[in-house]
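Please read the structure below before turning to the comments.
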Amino acid sequence: MKKKIQEALNDQINKELYSAYLYLSMSAYLEAQSLPGAAKWMKLQAEEEVEHAMKIFSFVNERDGRVLLAPIEGPKQEWTSPLEVFQQALKHEIFVTESINNIVTSASDEKDYATLNFLQWFVAEQVEEEANARENVEMFKRVENNPHGLFMVDRALAARE
Ligand code: FEO
């Protein structure tokens, strides 16, 4: 595996683990806001992010590359509202999509077809991740400052398995 691709994949492992840390922090905030369903949704999302990191971790090893773990930045801890949490989660997913797209471009430039093929799963996953994040933002927008509406949205998010 070329150094440039290895570095980009290591950097993506860090971003995925940071995503997990960020979503866990969001989960803690939502729990403190008495929104257990939204908190559960975010906690499950954090677990998914760890799985994303581990997929890349295994791929780098499989390709005889070297995984080098870097420090994970501390996440934000406070938000002004549940809506702000979900808006930032969407913004973060768009950032992750851009990051994946950049590695796709590099893999293509380097004619690294194995990495290119591997990344297709992430390209598809990001479509889903952004769609889910957008749907959540829309739900919270509709019920902002309406306690009964918030209760219903929280119940809907609690259904995630
Ligand atoms: Fe691993 Fe939510 O992107």
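Which residue fluctuates most in the GNM of the chain (Cα springs below 10 Å): 68, 83, 35?
68
If you filter the stretch 1-101 for GluC sites (Glu not before Pro), then keep DSSP loop positions with at most 14 other Cβ within 10 Å, what is left? Each step should come with its number before you reach the end.
Values: sites: 7, 16, 31, 47, 48, 49, 51, 62, 73, 78, 84, 93, 98; in loops: 73, 78.
Answer by residue number: 73, 78.
Report, in deg cm²/dmol and to the nearest 500, the calculated mean residue ellipticity at 222 nm for the chain, where each DSSP H run with n ≥ 4 adds -39500 (n - 2.57) and the sum is divided by the residue count.
Details: 5 runs with 128 residues, N = 161.
One gets -28500 deg cm²/dmol as the mean residue ellipticity at 222 nm.
For the chain, which whole-number percentage of the solvent-accessible area (1.4 Å probe, protein heavy atoms only) is attributable to carbon and sulfur atoms? If you can, show how the numbers build up before the last one.
Working: 4700 of 8880 Å².
It is 53 percent, rounded to a whole number.
Using Cα pairs under 8 angstrom and six or more residues apart, how large is the relative contact order of the chain, in percent? Please report the intermediate quantities before stating the final value.
Values: 162 pairs, mean separation 48.2, N = 161.
Relative contact order here is 30 percent.
Got a sec to turn the phi values of the stretch 36-47 into Karplus ³J(HN,Hα) couplings, 6.51 cos²θ - 1.76 cosθ + 1.60 with θ = phi - 60°, whole Hz, x for Gly and Pro?
x, x, 5, 5, 5, 4, 5, 5, 5, 5, 4, 5
With springs only between Cα atoms under 10 Å, which of 87, 12, 33 fluctuates most in a Gaussian network model of the chain?
So, out of 87, 12, 33, the one fluctuating most is 33.
What net charge do the residues around residue 2 carry, taking every other residue with its C-beta under 11 Å from that of residue 2, with Lys and Arg at +1 and Asp and Glu at -1? Let's see the in-between values first.
Numbers: positive: 3, 4, 63, 111; negative: 7, 109, 110, 112.
Value of the local net charge: 0.
What accessible area per residue comes out for the chain, rounded to a whole number of Å², with a 1.4 Å probe? Numbers along the way, then the final one.
Details: 8880 Å² over 161 residues.
Per residue, the chain has an accessible area of 55 Å².
Could you compute the FRET efficiency for residue 54 and residue 152, with r as their C-beta to C-beta distance and R0 at 35 Å, rounded to 0.05?
Working from the Cβ atoms, E equals 0.50.
Throw me the Rg/Rh for the stretch 3-158, computed over C-alpha atoms with Kirkwood Rh, two decimals.
Details: Rg = 17.0 Å, Rh = 16.4 Å.
Result for the stretch 3-158 is an Rg/Rh of 1.03.
The values are calculated or read from the model by the stated rules, or taken from the named source; none is laboratory data. What you are looking at is a predicted structure, and each value in this text was computed from that prediction instead of being measured. Reconstructed Cβ throughout: ideal geometry from the backbone, glycine too, with neighbour counts over all protein chains shown. SASA here: full protein model, heavy atoms, side chains in, ligands and nucleic acids out. Shrake-Rupley method; radii C 1.70, N 1.55, O 1.52, S 1.80 Å.
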